[in-house]
Amino acid sequence: MDASLLHANAKKMVAPGKGLLAADESTASCEKRFAAVGVPCTEETRRAYRELIVVAPGIEEYVSGIIFYDETIRQSTKDGKRFPDVLLEKGMLPGIKVDTGAKDLALHAGEKITEGLDGLRERLAEYKTFGAAFAKWRAVITIGEGVPSEACIDANAEAMARYAALCQEADIVPIVEPEVLIDGDHSLEQCYQATLAIHKKLFEKLAEEGVHLEGAILKSSMVIAGTQAAKQSSVHEVAEATVRCLKENAPADLAGIVFLSGGQGDEQATAHLDAMNKTGALPWPLTFSYSRAIQNPVLKIWAADTHANTEKAQAALLFRAKMNSLAALGKYASEMESERPY
Ligand code: 5MM
């Protein structure tokens, strides 16, 4: 393990004013997203859409790295340049989602366990040859009657820690992503407790596995009431509760914390990140690793005319990336949205 390389890459991923773009939708997720905007989902349409993102001029100003899916990291621009090479030339880092998805947790109805440890050492070695500098593994935690269970928390934390150790052995920065789902009618306090529980167990397991935190990134969901909750959370409540929750368990030597958007509105996700970064000095950089909250307008514009709308879609991508970059610095204001090009 080259600790200094891991540290340097992790630092680069969360450099001031920069964040990550999650473009690691599996083919099944792509099918759903493309169907929603009326675009056929083929290997070529997925490639063309991802090319638009990867080559967007100026994206490197706001985005330090892009997370790819197995198919995507192997794809190239129409001129034949591999996507990871395009990023590397622009000074960005290619990343790769390496889990193989969340499956039903046996004997625990409604709960999931993320799989993908089998053959992971070999897969990481191959991804390294494509230039992967970091990887991502997402665990799914549901809030409900009697859940998350201890078994679910324990099994997912254990898998994430084993994945993180394998990544570091391969000199790949691990992003550990326990996503507490926003779906449901749970309160902000219930989300706080579930997030606290998975983070606590995760950091215990990472320590047990000997994972070097200066070369690792936590990708967290925000502490927020469920979408069906009678009382919705304010921006201030989300920022305050999320930062408080992170301070409880996330060690100061962790390289950084990035957030998923998890189904929040595009501007809402930006406002939450900004409010967190306005709460004062924090032990770690807090930035974005959004998929939907950045890509929603991009996909919609591109889908309206996949031949003619590339530049318009890229302008939307740059705008959302810039807003989130400002939020990562605590310098965003909702009035800035009036300048959006879509
Ligand atoms: C892109 O979505 C990722 C999961 O994809 P699959 O379900 O297709 O495997 C997901 O891990 C994503 O990277 C993060 O959750 C962030 O996405 P959002 O849309 O929540 O910001």
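The values are calculated or read from the model by the stated rules, or taken from the named source; none is laboratory data. Computed from a predicted structure; not experimentally measured. No Cβ is skipped: glycine too gets one built from the backbone with ideal geometry, and neighbour counts run over all protein chains shown. With ligands, DNA and RNA removed, areas are computed over all heavy atoms of the protein, side chains included. Shrake-Rupley method; radii C 1.70, N 1.55, O 1.52, S 1.80 Å.
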Review point. Looking at Tyr69, Tyr62, which one is within 16 Å of the ligand (Cβ to nearest atom) and either within 14 Å of the chain's Cα centre (by Cα) or under 20 Å from Ala216 (Cβ atoms) (or both)?
Key: Tyr69
Check your understanding: How many residues does the range 269-305 contain that are away from the ligand (no atom under 16 Å from the Cβ) and open to solvent by 50 Å² or more (accessible area, probe 1.4 Å)?
Key -> 7
Point to revise | Check on Leu21, under 21 Å from Asp70 (Cα atoms) and touching a strand residue (DSSP E or B) at 6+ places or on another chain (Cβ under 8 Å) | key: yes
Review point. Which one is surrounded by the most Cβ atoms within 10 Å (Cβ to Cβ) among residues in the range 232-259 that are within 16 Å of the ligand (Cβ to nearest atom) and assigned to a helix (DSSP H, G or I)?
Key: Thr242
Review point. Does the range 322-330 contain any residue that is of a type in the set (Ser, Thr, Tyr), open to solvent by 20 Å² or more (accessible area, probe 1.4 Å) and either within 28 Å of Ile96 (Cβ to Cβ) or within 16 Å of the ligand (Cβ to nearest atom) (or both)?
Key: no
Practice item. Provide a single number: the residues in the range 48-79 that are surrounded by fewer than 18 Cβ atoms within 10 Å (Cβ to Cβ) and not in a strand (DSSP E or B). Key: 10
Check your understanding: Of the residues Ala216, Ala225, Ala229, which is away from the ligand (no atom under 16 Å from the Cβ), free of Cβ contacts under 8 Å to residues at least 40 places away in the same chain and open to solvent by less than 40 Å² (accessible area, probe 1.4 Å)?
Key -> Ala225
